[in-house]
Amino acid sequence: MSGLHPLDWIVIAVYFGLIAGIVVWVAKKQKKTSDGYFLAGRELGWFIVGASIFASNIGSEHLVGLAASGTTDGVAMAHYELHAWCLLVLAWVMVPFYMRSKVFTMPEFLERRFSPTSRTVLSVISLVAYVLTKIAVGIFAGGIVFSVLLPELNLWGFDSFWIGSFVVIVITGLYTIVGGMGAVAYTEALQTVVLIIGSALVTFFGLQALGGWTELRTIIPSDMFNLWKPLVPDGLQATWAPVRDSQQMAWYFNDNYPWLGMLICAPVIGLWYWCTDQYIVQRALSAPNETEARRGSIMAAFFKLLPVFIFIIPGIICYALAISGKMPAFQSHLIGPDGQIIRDNAQQAFPLMVANVLPVGIRGIVVAGLLAALMSSLAGAFNASATLFTIDFYKRLHKGISQERLVWVGRVATAIMVLIGICWIPVIRGGRGLYDYLQGVQSYLAPPIFVVFFLGVFYKRLNAKGCLWALITGFIMGIFRLAVDTPVKMVEGFQYQEGSFLWIVNNIFFQYYSMIILFVSAFVMIVVSHLTEVPDYKRISGLTYATITAEDRRESRASWKAIDVILSLVVIVLILAAYLYFVG
């Protein structure tokens, strides 16, 4: 790519000026308390909540990873993006419990339902998850974007990848540290607008360069537009064989995503992420009441329907431009001598589209959108990590600490998490793809958390011992798989002896391994709970469906109106319409 035009730089500068203005405004009006810093004073309206949830989710893994998955695998990963229905579960099932409890963090809710020890374990798991996913992946994706947009940039021996990574870290870290949750949420609202407009323009100009939607469907193999391919197998041969052999992954029904994993594992990851993860739910906790939190979650569900069209489709367009020869630069960069897609290079699909199909000025808007997504993703992770560490660890160990000190500790925690995330980048670079890496790690860490939250809410007999052992068992299984996978990713040419135990573990597809963790965690939680004492139902009043009081039910019912139900049904209809359209 040639350098950005001066007009593009002006657009980008205006964007950063707006960000700076928002941060200064928030910092001036922010309450100097932990409630003000970590939850924006619980004053966020429904639109800010919804836009903030969306912007936090739509980050580096989408701009770099999801677009790349569109280039290599078509719409297969759209199953994860059509999880907008999970936000409806947050809105209607989990929000009432969270808002009644007035907690700061998800581990704090788990303490009220089960025990302080469960809270500590979940806090550790969550912090590990943020280091392995959100923080490190965000930093890495920032480097990828800069390496494509400014490939010749070099400073003190560092190339554009590392310079980009550090630029994104510094800018995001500064405004997150200064403004806290308020700055994160309000800047994310602006970033949502910029991101949607910018990404939609990539789709528009990409289709224009290709010759239109009909031309795209003509060039691309029909399987790349078939959402049902991973879900509806051609037959049952090898369906239940979770371990690949040395020649091929015989149990795939497309090249990458087995249908059974999509049916079971993908929804579990979605419900964990959208309904129990501090990174997302913290936005709903920042609303003043149940009504605003629910409507914000429904708004986020509408936003969540967009990534299929503004990230996956541009990735597919990029592939079409490459194989059709209409963009020779794409062809030489993405297609190998054997005519197959070069998966490692596919991670640059979205930045390549920005660099080559957009006109001057428009490119500046889209680059601002790219940076917006990268920064919103990282800012959310920074703030969630700081909240978990400060509230769930530091505050519990230092009774009576001042509010100002808590805010200071949260800022220091943010800086430390950034440094740890940087150390993990080489592992991500060794993986097959950014989005695959992210889904893999989440698949190992999500099941036990999903189990303790959802079974805990729906099954009052489950107790603290069952919760604790489910979390520990599932976490150990997930970390073990990560430890087994890491040498294969990091050490070139490293492989376990075929047929050995570690080889089998490494070669079980990540979704199937996730299902094993899910079933083992649920089994452990139920069995241990029934072998130990019955929980005190008075202590957990209002924290399970079976212990909700009549007054709680009346208050929750008064918090929603018919329009909330109608809009939720519209989201479901739109999801079904997408599945009906993408049939190959």
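Which residue is surrounded by the fewest Cβ atoms within 10 Å (Cβ to Cβ), if the candidates are limited to the stretch 13-25 and must be under 25 Å from the mean Cα position of the chain (by Cα) and closer than 13 Å to Ile365 by Cα?
Looking at residues that are under 25 Å from the mean Cα position of the chain (by Cα) and closer than 13 Å to Ile365 by Cα, I get Phe16.
Let me confirm something: among Asp35, Asp8, which residue is surrounded by 15 or more Cβ atoms within 10 Å (Cβ to Cβ), assigned to a helix (DSSP H, G or I), acidic (Asp, Glu) and modelled with pLDDT under 75?
Asp35
Which pairs do you get when a residue that is touching a residue at least 60 places away in the same chain (Cβ under 8 Å), found in the stretch 498-512, comes within reach of a residue that is of a type in the set (Phe, Trp, Tyr) and surrounded by 15 or more Cβ atoms within 10 Å (Cβ to Cβ), reach meaning Cβ atoms under 9 angstrom, with the pair 6+ apart or on two chains?
Matching pairs, first to second residue: Ile504/Tyr496; Asn507/Tyr496; Phe509/Trp251; Phe509/Tyr252; Phe509/Tyr257; Phe510/Tyr444; Gln511/Tyr257; Tyr512/Trp251.
Tell me which of these Val360 doesn't satisfy, since it passes every other one: (1) touching a residue at least 40 places away in the same chain (Cβ under 8 Å); (2) of a type in the set (A, V, I, L, M); (3) not in a loop (DSSP other than H, G, I, E, B).
(3)
Being under 19 Å from Val75 (Cβ atoms) and within 24 Å of the chain's Cα centre (by Cα) narrows it down to one residue among Phe311, Phe302; which is it?
Testing whether each residue is under 19 Å from Val75 (Cβ atoms) and within 24 Å of the chain's Cα centre (by Cα) leaves just Phe311.
The rows are residues; the columns are (1) at pLDDT 80 or above; (2) closer than 18 Å to Gly211 by Cα.
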| residue | (1), (2) |
| --- | --- |
| Ile316 | yes, yes |
| Ser324 | yes, yes |
| Ala329 | no, yes |
| His333 | no, no |
| Gly336 | no, no |
| Ile341 | no, no |
| Gln347 | no, no |
| Phe350 | no, no |
| Asn356 | yes, yes |
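So in the stretch 323-354, with the set limited to residues that are in contact (Cβ under 8 Å) with a residue 60 or more places away in the chain and small (Gly, Ala, Ser), which one is nearest to Pro221 (Cα to Cα)?
Among those that are in contact (Cβ under 8 Å) with a residue 60 or more places away in the chain and small (Gly, Ala, Ser), it is Ser324.
Suppose we keep only residues that are more than 21 Å from the chain's Cα centre (by Cα) and among the β-branched types (Val, Ile, Thr) within the stretch 77-119. Which one would you say is surrounded by the fewest Cβ atoms within 10 Å (Cβ to Cβ)?
Of everything passing the filter in the stretch 77-119, Thr117 is surrounded by the fewest Cβ atoms within 10 Å (Cβ to Cβ).
So that you can scan it fast, the table gives a plain yes or no per residue for (1) at pLDDT 80 or above; (2) buried (at least 22 other Cβ atoms within 10 Å of the Cβ):
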position	(1), (2)
Leu388	yes, yes
Tyr394	yes, no
Gly400	no, no
Ile422	no, no
Ile425	no, no
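Does Phe330 count as within 27 Å of Ala185 (Cβ to Cβ) and surrounded by 19 or more Cβ atoms within 10 Å (Cβ to Cβ)?
no
If you go through the stretch 156-163 one residue at a time, do you hit one that is at pLDDT 70 or above, not hydroxyl-bearing (Ser, Thr, Tyr) and not in a loop (DSSP other than H, G, I, E, B)?
Yes, the stretch 156-163 contains a residue that is at pLDDT 70 or above, not hydroxyl-bearing (Ser, Thr, Tyr) and not in a loop (DSSP other than H, G, I, E, B).
Under 7 Å by Cβ, and 6 or more places apart or on different chains, what pairs join a residue from the stretch 88-104 that is under 18 Å from Ile391 (Cβ atoms) with one that is among the acidic types (Asp, Glu) and surrounded by fewer than 22 Cβ atoms within 10 Å (Cβ to Cβ)?
Correct list of pairs: Met99/Glu290.
Which residues, taken from the stretch 536-552, are of a type outside the set (Asp, Glu) and in contact with a helix residue (DSSP H, G or I) (Cβ under 9 Å, 6 or more places away or on another chain)?
Tyr537, Lys538, Arg539, Ile540, Ser541, Gly542, Leu543, Thr544, Tyr545, Ala546, Ile548
Here is a list: Thr133, Thr218, Thr214. Which entry is more than 25 Å from Val14 (Cα to Cα), among the hydroxyl-bearing types (Ser, Thr, Tyr) and at pLDDT below 75?
Being more than 25 Å from Val14 (Cα to Cα), among the hydroxyl-bearing types (Ser, Thr, Tyr) and at pLDDT below 75 holds for just one of Thr133, Thr218, Thr214, which is Thr133.
Anything in the stretch 190-201 that is at pLDDT below 85 and buried (at least 18 other Cβ atoms within 10 Å of the Cβ)? List them, or say none.
Scanning the stretch 190-201 gives Leu190, Gln191, Thr192, Val194, Leu195, Ile196, Gly198, Ser199.
The values are calculated or read from the model by the stated rules, or taken from the named source; none is laboratory data. The model shown is predicted, which means the values in this text are computed figures rather than measured ones. No Cβ is skipped: glycine too gets one built from the backbone with ideal geometry, and neighbour counts run over all protein chains shown.
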